[in-house]
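Student: I'd like to ask you about the structure that follows.
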Amino acid sequence: MSRPDALTIVLVEPRIPPNTGNIARLCAATGTRLHLIRPLFRIDDAKLKRAGLDYWPLLDVRVFDTWAQWRDQHREAIAAGRCWFVEVGGQQIYTEIQFRPGDYLIFGDEEEGLSAELMAEHAEQTLRLPQQGVRSLNLSNAVAVICYEALRQLNWPGLH
């Protein structure tokens, strides 16, 4: 289970069960929380199970009905600059910022990503992974890269 100061991965409307399963496995292995924002597929989907549902009991996972519900419950973290919105058009490279315990790493769905409105509203808190030649990286790969960078900066809290 995660610690009170653990990072939280937030997936806004994830669409591909194996990606979410891989991210769930990452969260279980790192003590990172997982927040899922609907709509999403059935949690007991067989593809998700193959990708990581056997780790589900190890997760600190919460499901929210809408982005507005999540936002309303996390207004303090947003106002304090504790939320990082990750998208291809992010203003900063993920290694250019200093992560802090309890930060939220927010990712959009595999097809549309985060909305332009959300990215504009939180422009100073947007991150990107450097890349060339492709539209985007696989969601679970992007989450892993940024999660592990944040954990490295925090000196691997609770990990050995």
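The values are calculated or read from the model by the stated rules, or taken from the named source; none is laboratory data. Nothing here was measured: the structure is a model prediction, and the numbers come from that model. All Cβ positions, even for glycine, are placed from backbone atoms using ideal geometry, and neighbour counts span all protein chains on display.
Student: Please name all residue pairs, on different chains or six or more residues apart, with Cβ atoms under 9 Å, provided the first residue is in segment 22-36 and is more than 15 Å from residue 110 (Cβ to Cβ) and part of a helix (DSSP H, G or I) and the second residue is at pLDDT below 95 and acidic (Asp, Glu).
Tutor: Cβ pairs passing all conditions: 25/54; 27/60.
Student: So, one more: Give the residues of segment 17-42 that are surrounded by fewer than 16 Cβ atoms within 10 Å (Cβ to Cβ), modelled with pLDDT under 90 and among the hydrophobic types (A, V, I, L, M, F, W, C), sorted by residue number.
Tutor: Selection gives 41 alone.
Student: Just one of (1) over 25 Å from residue 21 (Cα atoms); (2) at pLDDT 95 or above; (3) in a loop (DSSP other than H, G, I, E, B) trips up residue 132, so point out which.
Tutor: Looking at each condition in turn, residue 132 falls short on (2).
Student: Given the options 75, 128, 71, 135, name the one that is among the basic types (Lys, Arg), more than 12 Å from the chain's Cα centre (by Cα) and farther than 21 Å from residue 15 by Cβ.
Tutor: 75
Student: Starting from residues that are part of a loop (DSSP other than H, G, I, E, B) and free of Cβ contacts under 8 Å to residues at least 40 places away in the same chain, keep the ones in segment 72-99 and report whichever is farthest from residue 3 (Cα to Cα).
Tutor: In this case the residue turns out to be 89.
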